[in-house]
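Just below is one structure, and these are the notes that go with it.
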Amino acid sequence: MKYEDLLNSHLKFGTTKDDIINGSNYNQILENVVIAPWWNHDMFLNLGFNVEEIGERIFNFYKEDLSFSFIELKRIGAPAIMDYVLSLGVTKCKNLVFLGSAGSLDKNINIGDIVVPEYSICGDGASRYLNKNLEDEFLKKEYPSKQYTNKLLNVLEKNNINYRYVPNYSTDSVFTQFYHLDKIIELGAKTIEMETALLFKCREILNINMTALFCISDNIIINKSLFSGRSLEENNYRHKVRDEIIPNIIIELLK
């Protein structure tokens, strides 16, 4: 499927590019975009930017040497993110960074660790809508932009920031994933989250630079899941990494 196919299908039923932009509040989206399913834009507020709210949960950050848009979804899962990302195809967006939490499937990847996904294995159903005949995408690997991801890795290495570069699995369900963990680990996944397989498939259609960065929120393998087992110290450390370290990484990446 090509992006033009999607636009033509909208036009067939009376919706133009301008309608999509206006309906998404994307009129003022910039070339650099950061999108987060749950994290707040206030993680960037102490870095000297002027901030303008340009739509519902959409913020533009401005400095002399850098500007970017932040989309604060307050929704999780592949279906939630798909429409927001695909609508970026009619904007000025050229570079997209995904920020979010992921669970560890490796006893050596700890809560608060920074992870960059090498690829994401599709465990969602929404990706089928990006194929012409709704062909199944299940368990296929989807990749971020190689050059843009390498730029992110270089930023991490230059600043001596510890990180993991590993295969990821994108699930549709936090509750039921436990039953299937043996199979998911067998597929090679070291982390698990809900959006990036779909996101990386959108990248192929949109033809924009795209990468992702996770902060580990839980480690199921050592009985520290989202439901139980995590200590206050671990959660505090995770929040420190998210709020103090990751914003500076993203700023350097976007420059």
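The values are calculated or read from the model by the stated rules, or taken from the named source; none is laboratory data. Just so it is clear, the model here is predicted, and its values are computed rather than measured. Cβ sites come from the backbone with ideal geometry, for glycine too, and all protein chains shown count toward neighbours.
A few notes on this one:
- Test: residue in region 232-247 that is part of a loop (DSSP other than H, G, I, E, B), of a type in the set (A, V, I, L, M, F, W, C) and either modelled with pLDDT under 95 or within 30 Å of Lys151 (Cβ to Cβ) (or both): no
- Lys107, sole failed condition from (1) surrounded by fewer than 19 Cβ atoms within 10 Å (Cβ to Cβ); (2) in a helix (DSSP H, G or I); (3) out of contact with any Phe, Trp or Tyr (no Cβ under 6 Å at 6 or more places or on another chain); (4) in contact (Cβ under 8 Å) with a residue 12 or more places away in the chain: (2)
- Tally, over region 111-164, of residues that are polar (S, T, N, Q), farther than 19 Å from Ile184 by Cβ and either without any contact (Cβ under 8 Å) to a residue 12 or more places away in the chain or in a helix (DSSP H, G or I) (or both): 6
- Restricting region 4-54 to residues that are among the aromatic types (Phe, Trp, Tyr) and under 20 Å from the mean Cα position of the chain (by Cα), the residue that is surrounded by the fewest Cβ atoms within 10 Å (Cβ to Cβ): Trp38
- Every test in (1) under 28 Å from His10 (Cα atoms); (2) in contact (Cβ under 8 Å) with a residue 40 or more places away in the chain; (3) surrounded by fewer than 21 Cβ atoms within 10 Å (Cβ to Cβ); (4) among the charged types (D, E, K, R) is passed by Asp65 save one, and that test is (1).
- Restricting attention to region 197-227, the residues being in contact with a Gly (Cβ under 8 Å, 6 or more places away or on another chain), of a type in the set (S, T, N, Q) and either crowded, with 23+ Cβ neighbours inside 10 Å or in contact (Cβ under 8 Å) with a residue 24 or more places away in the chain (or both) number 3.
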